[in-house]
Each structure stands twice: as structure tokens, then as C-alpha cells.
Amino acid sequence: MTRRYARREAIRAMDPVTQAEEIVRLVATYEFPWDVQQALSFALFRTYAVPSIGGLLARTAELTERTQKRHDDTVLILDAVLTHGMASAEGRTAVRRMNHMHRAYGIPDDDMRYVLATFVVMPVRWISAYGWRRLTGTEVEATVVYYAALGRRMGITGIPTTYAAFADLLDAYEAERFAYDAGGRSVADATLRLLRTFPPYRLLPAPVVRLFAFSILDEHLCRAFRYPRPPAPVVAACRTLLRLRGRVVRLLPPRRRPVTAADLSSLRTYPHGYRVEDLGTFPEA
């Protein structure tokens, strides 16, 4: 058991401000790779319930007609920043790609700030609910520092400086802005269709995958998309399965090598490799 928690204790001894990138990298690639991937996927998914975000994504057609590529580009761009660091050549190129795409659509700063908040808050909440252990205060603070730094590089203003402030921003924004939008619903539907092609979901019947996904979504998110809320026993069973997975992972030996985008079988757009500068779209600003 002591060996299983050795990396957690090593992280406790690190500085969450000056070593934020390394801490977030350890959390995302060693301690909780699967959980972070799921949490960030569902973080992006919930942004579609904000009509100004979901509607814009529907109009670009990137997530409805080129869903796999849009998914892969997003994962690979974020991975370049995480794996190589924001100040690295790859990290700077990845941030430039994000900024170029976002500038072309004149996305409001409050929407950008909200999306950033989902990246801070949702992994913490997911791991608290389903992870093999809870995040430490050091890990949570490092997450805040990391994404605040990324947000500044993206030109976002008014970025919160604490986890509590990020969580308050997210909850208030969703309470005010979540609403049904046909475009947002079409983007959500396309994303769920893609999810069904990923392991382990591709082994299951499509209705089962949808039922599982709806059980993981919170009630007001289902309501915004007008998705049917599964019966309470089904919701409880699906969430119990995720918690049981966390307990099983707790019994496994610590991971010896990191899990990065190169290890994800769900990424299928670039079988022969890619360059960060070629990822994404190239709209005219």
C-alpha cells in the first residue's frame, strides 16, 4: 500500500506554483490517465449545452461532419502542451493553433472563461467521485495554476485564482446559460456516436452506451439536451460500476510509464504521424 501511494507523497513535497506543469503531468499521465481523459471529454461535452458554444460548433460543422478529426486534433493539441510544456516549441505552437482558431469566431471572453473552468473543475469532481484516491490539495492547486497560465496564454481575462472560484464560476454559468439548442444537441449526438466507436464502448450495443452516458451526465445537463434521464436504479448502477473500477485500480501496482496521446487507440486520424502546426482548422480571421 505504501508503494501505491509513493507518487502521491512525492507530489505533496512539490511546489504547486513553480512545479504546476510537472504535477499536472504526473496526475494526468501516471496517477489518473483514464479518469482525466474521461473527465476532460465530459467537460467539453457539457459546454455544448451553452447555446452560444454548442450553436457555434454546430455552424462550423467540425464536430458534426468531421467528429473524429475534431476530437483527435483537440486531444493532440492539449497533449502537446501537457507533454512538452507551455514554454516549449511544441507547446507554443499548440497554443498558437488554439488562438488562431478561436480568434476567427470572435468567441466571447465569458464563454472562454467558462470552458477553462470546466477543465479545472470537472477532473477534480470526477476523480473525487470515481478515482482510486482523491486528489491532494497540492494537486488541486497545481491544476488551478496550470490552467490559469494556459488561459493567460490564450488571452482570457478575469481568470479565477482559486479552485473554489473556478467551481463557483462554472456552477453559476451553467445555472444561467444551460438551455436547449438544436445545434448544441446535434453536436452532442455526434459526440455520442463517436463515443460508441471507442474501446470499451464499441463492444456494447449502442442503446447500452447511450444509457450509460446519460447516467453519468448530471440531471440539469440531460435536461438542457432534452435527453431522457435513466431510472434512478440505472443511474446508481452505472455510477457504482465506475466507483468499483476505482477500487480495483487502487489494488494495482503504480504505473511505471506515462500514458500519452500516442497510447490512445481512440485517435485514428493520423496513422502516419502529424505535426502540431498542422492540427486543427485554418479559418480566415
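The values are calculated or read from the model by the stated rules, or taken from the named source; none is laboratory data. Computed from a prediction, not measured in an experiment: that's the story for all the values here. Ideal geometry is used to build each Cβ from the backbone, glycine not excepted, and the neighbour counts take in all protein chains shown.
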Condition met for Val209 (among the β-branched types (Val, Ile, Thr), within 20 Å of the chain's Cα centre (by Cα) and farther than 22 Å from Phe178 by Cβ): yes
Residue satisfying condition, being over 30 Å from Pro254 (Cα atoms), touching a residue at least 12 places away in the same chain (Cβ under 8 Å) and basic (Lys, Arg), within set Arg125, Arg177, Arg196: Arg177
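Return the residues of the stretch 123-164 that are among the hydroxyl-bearing types (Ser, Thr, Tyr), within 20 Å of Arg4 (Cα to Cα) and buried (at least 21 other Cβ atoms within 10 Å of the Cβ); say none if nothing qualifies.
Taking the stretch 123-164 and keeping what is among the hydroxyl-bearing types (Ser, Thr, Tyr), we get 128, 130, 136, 138, 143, 146-147, 157, 161-163.
Filter once more, so that each one left must be within 20 Å of Arg4 (Cα to Cα): 128, 130, 136, 138.
Selection gives Tyr130 alone.
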Residue match in the stretch 200-212 (condition: touching a Ser or Thr at 6+ places or on another chain (Cβ under 7 Å), in contact (Cβ under 8 Å) with a residue 12 or more places away in the chain, surrounded by 12 or more Cβ atoms within 10 Å (Cβ to Cβ) and farther than 19 Å from Trp34 by Cβ): no
Some residue of the stretch 222-240 being under 30 Å from Arg25 (Cβ atoms) and among the aliphatic types (A, V, I, L, M): no
Residue tally, condition surrounded by 13 or more Cβ atoms within 10 Å (Cβ to Cβ) and more than 18 Å from the chain's Cα centre (by Cα), over the stretch 180-196: 5
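Counting just the residues of the stretch 268-277 that are surrounded by 14 or more Cβ atoms within 10 Å (Cβ to Cβ) and farther than 12 Å from Ile77 by Cβ, which one comes out farthest from the chain's Cα centre (by Cα)?
The first filter runs over the stretch 268-277 and keeps only residues surrounded by 14 or more Cβ atoms within 10 Å (Cβ to Cβ), leaving 269-270, 274, 276.
Keeping just the survivors that are farther than 12 Å from Ile77 by Cβ gives 269-270.
Values: Thr269: 19, Tyr270: 21 Å.
Ranking the qualifying residues of the stretch 268-277, first place goes to Tyr270.
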Some residue of the stretch 17-40 being at pLDDT 95 or above, of a type in the set (D, E, K, R) and surrounded by fewer than 18 Cβ atoms within 10 Å (Cβ to Cβ): yes
Failed item, numbered, when Arg226 is tested on (1) closer than 30 Å to Ile107 by Cα; (2) touching a helix residue (DSSP H, G or I) at 6+ places or on another chain (Cβ under 8 Å); (3) surrounded by 12 or more Cβ atoms within 10 Å (Cβ to Cβ): (3)
Segments classed as helices (runs of 4 or more DSSP H), wholly inside the stretch 46-119, with at least 3 members that are more than 20 Å from Asp181 (Cβ to Cβ) and among the polar types (S, T, N, Q): 67-84
Failed item in (1) closer than 24 Å to Asp189 by Cβ; (2) in contact (Cβ under 8 Å) with a residue 60 or more places away in the chain; (3) exposed (fewer than 14 other Cβ atoms within 10 Å of the Cβ); (4) not hydrophobic (A, V, I, L, M, F, W, C), with Arg250 passing the rest: (1)
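Please verify whether Ala261 is surrounded by 14 or more Cβ atoms within 10 Å (Cβ to Cβ), touching a residue at least 12 places away in the same chain (Cβ under 8 Å) and either in contact with a strand residue (DSSP E or B) (Cβ under 9 Å, 6 or more places away or on another chain) or over 30 Å from Arg25 (Cα atoms) (or both), treating the condition exactly as stated. So that I can check it myself, show each step before the final result.
Numbers: surrounded by 14 or more Cβ atoms within 10 Å (Cβ to Cβ): yes; touching a residue at least 12 places away in the same chain (Cβ under 8 Å): yes; either in contact with a strand residue (DSSP E or B) (Cβ under 9 Å, 6 or more places away or on another chain) or over 30 Å from Arg25 (Cα atoms) (or both): no.
So Ala261 does not fit the description; no.
Of all residues in the stretch 89-122, count the ones that are among the small types (Gly, Ala, Ser), free of Cβ contacts under 8 Å to residues at least 60 places away in the same chain and either crowded, with 18+ Cβ neighbours inside 10 Å or touching a Gly at 6+ places or on another chain (Cβ under 8 Å) (or both).
Initial filter on the stretch 89-122 (among the small types (Gly, Ala, Ser)): 89, 91, 94, 104, 106, 117.
Now narrow it down to the ones that are free of Cβ contacts under 8 Å to residues at least 60 places away in the same chain: 89, 91, 106, 117.
Adding the requirement that they be either crowded, with 18+ Cβ neighbours inside 10 Å or touching a Gly at 6+ places or on another chain (Cβ under 8 Å) (or both) leaves 91, 117.
Here the count works out to 2.
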Residue list for the stretch 13-24, restricted to those being farther than 21 Å from Gly246 by Cα, assigned to a helix (DSSP H, G or I) and either in contact with a Ser or Thr (Cβ under 7 Å, 6 or more places away or on another chain) or of a type in the set (Gly, Ala, Ser) (or both): Ala20
Single unsatisfied condition, Asp15 versus (1) more than 19 Å from Gly151 (Cβ to Cβ); (2) touching a residue at least 12 places away in the same chain (Cβ under 8 Å); (3) not aromatic (Phe, Trp, Tyr): (2)
Scan of the stretch 174-201 for residues that are under 26 Å from Leu264 (Cβ atoms), among the basic types (Lys, Arg) and in a helix (DSSP H, G or I), ordered by number: Arg193
